[in-house]
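Worksheet: one structure, shown below.
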Amino acid sequence: MTTNQDQTRYEIKIVFDRFLRNHVSQWIRLHSAGFIQAYPPRKVNNIYFDTINLDSLNDHISGISERRKLRLRWYGEAFVFQSALLEVKQKVNRLGWKDTQLISGSFDFQTMTWNDITTLIKQSSRDGFLQMVEESNPVLINHYQREYYKASYDDEIRVSVDTKLTTYLQKDNYKPNLQFALPSEEIIILEVKCPLEKSDQIPKLLGEFPARPGAFSKYNQAMEYNYFL
């Protein structure tokens with residue numbers, strides 16, 4: 001598996017109540033970094049995989065600093081698509097990077113079983129990616145709306161804002177569950193992303209958002225509160 005160490009960066013999240021939506025937009029707009037839109041907003045979709053023993057989840061609960069998650073990601077409104085990215089999200093404390101592999105094929109979540117889907121993923125996987133898929137099962141699907149911003153003086157300093165988070169557990173399902181979403185609190189997730197070599201800018205970047213950053217994972221939050229119910 002190839003590691004993209006040149007993309008290692010600090011990833012720091014701040015979670016806000018949905019009632020602060022307009023305030024979050026204003027804080028970004030008035031920030032001294034001069035944040036501008038980096039890409040048009042879009043819907044982000046993910047399938048998260050974990051081992052039968054939920055190793056990824058348990059590493060988080062145990063406080064292990066070096067962690068990784070396997071997910072399949074695609075963009076857009078439909079659960080019918082032709083390509084996606086298989087990603088291994090690597091974390092060491094607040095440092096993160098991704099290893100990615102393109103997965104091509106005709107996916108249709110309305111008609112396919114999980115066996116169909118994982119077989120299709122394996123056909124495009126190789127090396128460490130294939131091994132992780134073979135050792136894992138799909139346990140969760142989520143999607144959300146994401147906005148992208150970059151500092152006007154530096155394309156590598158980024159902020160993303162996620163809203164409308166919806167999550168579906170896949171425990172023991174023969175086919176994808178896209179009908180029964182988990183009840184969840186409506187929140188706003190703001191993430192500041194900064195290259196490792198520019199870490200000296202982090203205090204100022206965070207200081208203009210009136211809230212404290214903390215550890216947060218969409219996958220871990222949903223799994224911790226709901227998987228064992």
### Message
Quick test for you: out of L70, L30, pick the one residue that is closer than 18 Å to L205 by Cβ and not aromatic (F, W, Y).
### Response
L30
#### Entry: Close pairs from the stretch 172-188: first β-branched (V, I, T), partner exposed (fewer than 15 other Cβ atoms within 10 Å of the Cβ), Cβ under 8 Å, at least 6 apart
I187/D17; I187/R18; I188/D17; I188/R18; I188/R21
### Query
Taking into account only those residues within the stretch 67-91 that are touching a Phe, Trp or Tyr at 6+ places or on another chain (Cβ under 8 Å) and among the small types (G, A, S), which is surrounded by the fewest Cβ atoms within 10 Å (Cβ to Cβ)?
S83
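Every residue, every condition in (1) under 17 Å from the mean Cα position of the chain (by Cα); (2) modelled with pLDDT under 95; (3) among the charged types (D, E, K, R); (4) assigned to a strand (DSSP E or B), yes or no:
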{"position": "M1", "(1), (2), (3), (4)": "no, yes, no, no"}
{"position": "D6", "(1), (2), (3), (4)": "no, yes, yes, no"}
{"position": "I14", "(1), (2), (3), (4)": "yes, no, no, yes"}
{"position": "H23", "(1), (2), (3), (4)": "no, no, no, no"}
{"position": "Q26", "(1), (2), (3), (4)": "no, no, no, no"}
{"position": "S32", "(1), (2), (3), (4)": "no, no, no, no"}
{"position": "Q37", "(1), (2), (3), (4)": "no, no, no, yes"}
{"position": "R42", "(1), (2), (3), (4)": "yes, no, yes, yes"}
{"position": "N46", "(1), (2), (3), (4)": "yes, no, no, yes"}
### Query
Of all residues in the stretch 117-143, which are crowded, with 18+ Cβ neighbours inside 10 Å and within 25 Å of E77 (Cβ to Cβ)?
I117, T118, I121, P138, V139, L140, I141, N142, H143
### Query
Hey, any hits in the stretch 76-90 for a residue that's of a type in the set (F, W, Y) and touching a residue at least 40 places away in the same chain (Cβ under 8 Å)?
yes
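Being over 29 Å from D108 (Cβ atoms), of a type in the set (D, E, K, R) and in contact (Cβ under 8 Å) with a residue 40 or more places away in the chain narrows it down to one residue among R42, R29, R67, R21; which is it?
Result of the check over R42, R29, R67, R21: R21.
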### Task
Determine, yes or no, whether I52 is closer than 23 Å to V139 by Cβ, β-branched (V, I, T) and surrounded by 15 or more Cβ atoms within 10 Å (Cβ to Cβ).
no
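Could you grab me the full set of residues in the stretch 48-64 that are closer than 30 Å to I157 by Cβ and either among the hydrophobic types (A, V, I, L, M, F, W, C) or modelled with pLDDT of 95 or more (or both)? So that I can check it myself, show each step before the final result.
Of all residues in the stretch 48-64, those closer than 30 Å to I157 by Cβ come to 48, 56, 59-60, 63-64.
Those that are closer than 30 Å to I157 by Cβ and either among the hydrophobic types (A, V, I, L, M, F, W, C) or modelled with pLDDT of 95 or more (or both): Y48, I64.
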### Query
Which of the following residues is within 28 Å of D200 (Cβ to Cβ) and over 14 Å from the mean Cα position of the chain (by Cα): I157, I121?
I157
### Task
Please give the number of the condition V192 fails out of (1) out of contact with any Lys or Arg (no Cβ under 9 Å at 6 or more places or on another chain); (2) β-branched (V, I, T); (3) more than 30 Å from D108 (Cβ to Cβ).
(1)
#### Entry: Every residue from the stretch 149-195 that is in a strand (DSSP E or B) and over 18 Å from K218 (Cα atoms)
Y149, K150, A151, D154, D155, E156, I157, R158, C194, P195
### Task
For the stretch 98-111, state whether one or more residues are touching a residue at least 24 places away in the same chain (Cβ under 8 Å), crowded, with 19+ Cβ neighbours inside 10 Å and part of a loop (DSSP other than H, G, I, E, B).
yes
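The values are calculated or read from the model by the stated rules, or taken from the named source; none is laboratory data. These numbers were taken from a predicted model, which means no experiment stands behind them. Ideal geometry is used to build each Cβ from the backbone, glycine not excepted, and the neighbour counts take in all protein chains shown.
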